[in-house]
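Working notes for the structure below.
All of the numbers you see were taken from the coordinates with simple rules; none came from a lab. The structure displayed is predicted, hence computed values, not measured ones. Note: ideal-geometry Cβ built from the backbone for every residue, glycine included; neighbour counts use all protein chains shown.
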Amino acid sequence: MPVRLLSARVSSLASFPQLSNRRQLERLNRLDARAGSALRWLALFGGAAVFLALMAIVYQVISGASLALSRYGISFVGRRQWSPAVGRFGALALLYGTLVTSVCSVAVATVLGVAIGLFLSLMAPRRVAAVVGPLVEMLAAIPSVVLGLVGIYLIAPFVLNNIEAPLHSVLGFIPLFGPPGTVGNSDFTASLVLVIMVVPIIAALSRDVFLTVPSELREGAEALGATRLEVIRGAVLSTTHSGVIAACMLGFGRAIGEAIAVTQVIGNITQISHNLFAPGDTLGSLIANQFLTPVSALHTASMFYLALVLLVLELATMLLARYVSRHFGSRR
Amino acid sequence: MTSSWTSSGSSPNAAEGQRATIRPRLRLSTGVGADALTEPTCSPTPTGAQVVFRAEQLAVSYGAKRAVEDINIDIHRNEATAFIGPSGCGKTTVLRCLNRMNDSIPTFALDGKLLYHGHDLYGPHVNRVEVRRRIGMVFQKPNPFPKSIFDNVAWAPRNLGMKDDLGGRVERALRAAALWDEVKDRLRASALGLSGGQQQRLCIARAVAIEPDVLLLDEPASALDPIATASIEDLIHRLKDRYTIVIVTHNMQQAMRVADRTAFFSLDEHRVGTLIEYDRTETIFSRPADPRTRDYITGRFG
C-alpha cells in the first residue's frame, strides 16, 4: 500500500524534470519496497521476541526449580519453615510477608494516589497540574535501590523513634500494631517504602482515567446542584471505578515484585508474625538476599521455586487487572 | 437581609446562620428555601408579572476577549423566554451565566449586574451549588448518567436529602417529563439504552425532580429528530405553568411555537455578542423594531 501511494505521488509530480526521470522513479519505488519489507520483518521479530523471552524465562525458572518441585510438589507453597541450614524449605512465610506488605502499601497508596489523581485531573489549576503531574511521574522513576537507602537512613529510624510506640499504645488492641521492634526494619517500614513506589503508579493511571470522564457528565451533575464531592462520587468515580481498580492492581503488581528496596528495610527474617513492627521477608527480598550465597542445591532450587510463585502471582495480578478494565471498563 | 440561597456563613442573622451551618443542605429540602421564590423582592413589571432574572449592563469576557456586552433583560416568571440569534453571538454564554455554569472556566469574568429575584447572583457570598439547585439546566446533548433510569432521576434528590417517598418523586418527575409511560416497566434498566429523545426527556425529568424554580434549556432539541423535538416542545408548554423557562434555540419556528418572549442576539459593530431586541414573541416575529432582527427572521442574514 505505501508503495502505491508514493508512486502515485511521484508520478503526479511528473511535470518536474528531475522526477520525471524514469530511473530515479524506479530507484525510489525499489527503496520504498525494501523499507516496507524491512519494517515488516522488524515488527515480526519484535513480536516473536516478546513471546520467546517470556517462554524462555518461564522455562528457566521451572527447570531451575525442578529439584524442589520434585521434592515438595505443590505442598511447598503451604510449608512454613525456611531453614537453609537444616535443608527445610517452604514458601508460606514469604508469601505471607509479600501479601502483607503489598496489601498494606496498596491500601494506603490507593487513598493517596486516587486523591492525587482527582486533584490533578479535576481540581488543580492547569498550571499547577502541569508542574505536579510530571513530578508524580518522576517519583516513579526513582531507582528502587535509592529508595531503599532512604528507607534505611531516614524512614526506618523515623518509624522506630516516632511511629511504632505511639501506634502501639493507641492501636495496640489490633494485633497488627504489636510491640515496637528494636531496629526499625520491619514489614511496616517496607510497606512505607512500597507506598512511595506505588503511589505514582496509581496517581498517574487514575488521573488518566478521570480525564476520560466526559465534561458533559460532570456539568450535568453540577447543574443539578451537586457539590464537588457529589460530582466526584456520582459522575466521576461511579463511571471510572473499574479503571481505578485496574490501576490499584497494577500498583499491587509493582509492590509484590519489588525486591531490592524491600530487602534493604524489611529485616530479612523469615517468619510469620502478626506484628507489622516485626522484621519479615518477602519472596523477592529473600531471593535478592540469599541467591548469591546458597548452602545447597536444594536451597537454590527452592529459591527458583519462590521465583516461580512470584511469577505466577504477578501474571495473575496482571491478567486480573486487564480483565477488570476490559469487562467493566467499557460498560458505560 | 438573608436570602436562603446565599451561603450560610454570610448571614448577618446569627440564629439563621447557625441553623444553616449545621445542616445547610437539608434546609433546602424542608422547603424553607421555597419562601424566597415568593418573597416580595420580586419587582413587579408594568404587565404585573414577576421578574425572575434582571440583567443590567451584563457583559462577559474570557480573558482579554469580550464575548457579550450590553445585555439588559428582564425574564418573567412562568413564561418561556427564547434566546435566538446566529451562532457565536453569546446566547449560550448568557444562558450559562444564569446558573453560574461558566464559573469553572478559569478566564471567565462577568461585569454588570445579574439579579435573581432581586438578589445579586454573582454577589460575594452566593453559593453556586445553591444557585444550581434552584436553577436547573438541560444541555444540548443528552447527558444521562451511566446508571439506571430510576437512579438518574433519584440522584439529585438523594444528594439533597429528599429521601421521603423517593419513588413517588421519581414518578412525578418522569410524568412531568412525559416519559413515565414509556419507562415505567424498566426503571432499573440503564438510561443509556433509551433513545436520544427519551434521554433528553430523562434529563428534563432529572432536572425537575428537585423542583427548581427555573429551567434553562440549551438547544434541548438540536440533536433530536422532528418527532422527539415535537414532544420536547409539548413538554415545554406544560412545564411553564410550574417553572420559568429560558431556552436557547437555533430554530426560529421552535421559538415561535414555545416562547412567550423572544430575545434576539447578534454581533454588534465590535464583533461582540449583544442583545439586539427583546419583546413578546408575536411582536418579534411580526413587527420587529430593529432592522437586524427583521433581516435575521426573514432569513436575509445568519
Taking a ≥ b ≥ c as the square roots of the Cα gyration tensor eigenvalues, with a/c under 1.5 meaning rounded and otherwise prolate when a/b beats b/c, else oblate, which class fits the stretch A:95-222?
prolate
Cβ neighbours within 10 Å, averaged per peptide: list B:260-273, A:188-201, A:121-134 in order, most packed at the top.
A:188-201, B:260-273, A:121-134
Hey, what do the phi angles of the stretch A:90-98 turn into as Karplus ³J(HN,Hα) couplings, whole Hz, using 6.51/-1.76/1.60 and θ = phi - 60°, x for Gly and Pro?
x, 9, 4, 4, 6, 4, 4, x, 4
Could you tell me which of A:VAL193, A:ALA56, B:ALA207 has its Cα farthest along the dipole of the protein assembly as shown towards the positive end, charges placed at Cβ (Lys, Arg +1; Asp, Glu -1), taken about the Cα centre?
A:ALA56
Mind listing the long-range amide H neighbours of B:VAL126? Cut-off is under 5 Å, sequence gap 5 or more, other chains count too, H placed in the peptide plane at 1.01 Å from N.
B:SER7
Between A:VAL103 and A:THR227, how high is the FRET efficiency from 1/(1 + (r/R0)^6) when r is the Cβ-Cβ distance and R₀ = 25 Å? Nearest 0.05.
0.20
With the label point 7 Å along the Cα-to-beta-carbon line of A:VAL145 and a cut-off under 15 Å to each amide N, the hits in the stretch A:268-302 are A:288-289, A:292
Among A:GLY178, A:ALA130, A:LEU112, the residue whose Cα sits farthest towards the positive end of the charge dipole of the stretch A:70-327 (+1 at Cβ of Lys and Arg, -1 at Cβ of Asp and Glu, taken about the Cα centre) is A:GLY178
For the ranges A:222-234, A:166-178, what's the packing order if you count other beta-carbon atoms within 10 Å of each residue, average per peptide, and put the highest first?
A:222-234, A:166-178
Just from the alpha-carbon atoms, what are the Rg and Dmax of the stretch A:70-327 in angstroms?
20.6, 70
What ranking of B:ARG206, A:ARG254 emerges when the number of other C-beta atoms within 10 Å of each C-beta is taken as an exposure proxy, fewest first?
A:ARG254, B:ARG206
Using Cα atoms only, what is the angle between the long axis of helix A:238-257 and the major principal axis of chain A, expressed in degrees (0 to 90) to the nearest 10?
60 degrees
Name the shape class, rounded, prolate or oblate, that the alpha-carbon gyration tensor gives for the stretch B:8-297, where a ≥ b ≥ c are the square roots of its eigenvalues, rounded holds for a/c under 1.5, and otherwise prolate holds if a/b is larger than b/c and oblate otherwise.
oblate
At a threshold of 8 angstrom on Cα-Cα distance, excluding pairs fewer than six apart, so keeping six or more, what relative contact order does the stretch B:8-297 reach in percent?
23 percent
Dividing the surface of the Cα convex hull of the stretch A:196-332 by four yields a projected area in nm² of 10.7 nm²
Tally the DSSP beta bridges in the stretch B:8-297 and give the antiparallel ones as a percent, rounded to 5.
60 percent
Report, by chain and number, residues whose modeled amide H sits under 5 Å from the one on B:LEU115, excluding near sequence neighbours (fewer than 5 apart, same chain).
B:ARG54, B:ALA55, B:GLU56, B:LEU121
Which whole number gives the average count of other chain Cβ atoms within 10 Å of the Cβ atoms across peptide A:211-224?
6
Average partner chain C-beta neighbours within 10 Å, per residue of B:96-106?
2
Rg in Å to one decimal, and Dmax rounded to a whole Å, for the protein assembly as shown via C-alpha atoms:
33.4, 105
List the residues, sorted by chain then number, that are 5 or more residues from B:PHE108 or on another chain and whose placed amide H is less than 5 Å from its amide H.
B:GLY63
So what's the net charge close to A:ALA247: Lys and Arg +1, Asp and Glu -1, counting the other residues with Cβ under 13 Å from its Cβ?
+2
Given a Förster distance of 56 Å, the FRET efficiency implied by the Cβ-Cβ spacing of A:ARG79 and A:ARG27, rounded to the nearest 0.05, works out to 0.20
Set the Förster radius R0 to 22 Å, insert the Cβ-Cβ distance between B:LYS163 and B:LEU192 as r into 1/(1 + (r/R0)^6), and round the FRET efficiency to 0.05.
0.30
Taking 8 Å as the Cα distance limit and 6 or more residues as the minimum spacing, I'd like the relative contact order of the stretch B:175-302 as a percentage.
16 percent
From fewest to most C-beta neighbours within 10 Å, the residues A:LEU28, B:LEU217, A:LEU147 line up as A:LEU28, A:LEU147, B:LEU217
Take every residue in peptide B:137-143, count the Cβ atoms of other chains within 10 Å of its Cβ, and give the average of those counts.
4
Determine the relative contact order of chain A: mean sequence separation of Cα pairs under 8 Å and six or more apart, normalised by residue count, in whole percent.
24 percent
